[in-house]
1. So the check is Cβ under 9 Å with 6+ separation or different chains; which pairs have a first residue in the range 1-16 that's free of Cβ contacts under 8 Å to residues at least 12 places away in the same chain and a second one that's part of a helix (DSSP H, G or I)?
2. Could you check the range 62-87 and list, in sequence order, the residues that are surrounded by 19 or more Cβ atoms within 10 Å (Cβ to Cβ) and of a type in the set (A, V, I, L, M)?
3. How many residues, within the range 120-149, are outside any loop (DSSP other than H, G, I, E, B) and of a type in the set (Lys, Arg)?
4. Identify, please: which residue in the range 158-202 is in a loop (DSSP other than H, G, I, E, B) and small (Gly, Ala, Ser) and is, among those, nearest to Ser38 (Cα to Cα)?
5. Among the residues of the range 59-82, which ones are touching a Leu at 6+ places or on another chain (Cβ under 8 Å) and either hydroxyl-bearing (Ser, Thr, Tyr) or over 22 Å from Gly31 (Cβ atoms) (or both)?
6. Scan Ser38, Ser32 and give me the residue that is part of a loop (DSSP other than H, G, I, E, B), touching a residue at least 24 places away in the same chain (Cβ under 8 Å) and on the phi < 0 side of the Ramachandran plot.
7. Which pairs have Cβ atoms under 7 Å, sit 6 or more apart or on different chains, and link a residue in the range 107-136 that is over 21 Å from Ser19 (Cβ atoms) to one that is of a type in the set (Asp, Glu) and buried (at least 17 other Cβ atoms within 10 Å of the Cβ)?
8. Name the single residue, out of those in the range 120-151 being of a type in the set (Ser, Thr, Tyr), at pLDDT 95 or above and surrounded by 14 or more Cβ atoms within 10 Å (Cβ to Cβ), that is farthest from Asn80 (Cα to Cα).
Amino acid sequence: MGPAGAVNAVKKSLQIGASEGVHLSDDALAGSDAAATSLALAAAIRHLGADTPADLILTGMASTDGETSLVPAQLAERLNLPQVTFASALELDGGKLTARRDGDTHADTVEAALPALVSVTDQINDPRYPNFKGIMAAKKKTITTLSLADIGVDPAQVGRAGSWTAVETAEARPARTAGTIITDEGDAGIKLVEFLAAQKLL
């Protein structure tokens with residue numbers, strides 16, 4: 001899902017092994033928050049799986065702009081699927097999946113029946129890069145472009161009008177100020193402690 005330029009991400013997926021691509025693109029989607037995004041994606045998935053529903057839906061753990069991690073959970077809820085989040089390893093065995101979720105001090109193993117939705121971290125696999133053979137093969141693969149009309153979504157349900165949240169203003173972060181430099185003249189340790197104490201860090 002994205003504007004016209006987002007098709008490049010679909011093409012890259014084809015170059016590294018995907019068999020076909022789908023690009024959900026509609027001007028009315030601009031400004032969609034996580035809720036509106038999950039609504040549109042759920043409708044697209046239902047449309048694509050009308051004849052053969054998906055067994056497994058994989059998503060990233062978060063977008064690189066909002067970084068909310070909300071879309072996978074909302075998507076699973078809208079599709080009435082069990083969800084496993086932040087998977088760093090994934091195995092499939094018949095109608096069951098087993099995922100490992102790595103924390104700071106321990107790892108959890110989670111199982112779920114298929115069909116299911118899994119959001120994955122960047123530890124899930126080794127990155128694959130397009131090679132010449134893959135780039136040439138991708139030119140013969142199909143990319144289907146869908147609009148909101150194709151998936152049966154009213155434009156009023158997405159975009160800014162259909163979003164639950166909105167960004168009202170944005171401003172550039174202030175420039176970083178120069179830090180405090182402590183020159184060691186034999187008393188650097190004392191100066192450092194005094195500085196940390198003044199900042200209430202001790």
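The values are calculated or read from the model by the stated rules, or taken from the named source; none is laboratory data. This one's a predicted model, so the numbers in the text were calculated from it and none came from an experiment. Quick reminder, even Gly has a Cβ in these numbers, built from the backbone with ideal geometry, and neighbours come from all protein chains shown.
1. Close Cβ pairs (under 9 Å, with a partner that is part of a helix (DSSP H, G or I)) amount to Ser13/Ala138.
2. Val71, Leu75, Ala76, Leu79, Leu81, Val84, Ala87
3. So the answer is 1.
4. So in the range 158-202, the residues in a loop (DSSP other than H, G, I, E, B) come out as 158, 163-187, 199-202.
Now narrow it down to the ones that are small (Gly, Ala, Ser): 163, 166, 170, 172, 175, 178-179, 186.
Working: Ser163: 11, Ala166: 15, Ala170: 24, Ala172: 29, Ala175: 35, Ala178: 43, Gly179: 43, Gly186: 60 Å.
Looking at the filtered set, the residue picked out is Ser163.
5. Hits for the range 59-82 are Thr59, Ala76, Leu79, Leu81, Pro82.
6. On the way: Ser38 fails: part of a loop (DSSP other than H, G, I, E, B).
When all the criteria are applied, what remains is Ser32.
7. none
8. Within the range 120-151, the match that is farthest from Asn80 (Cα to Cα) is Thr145.
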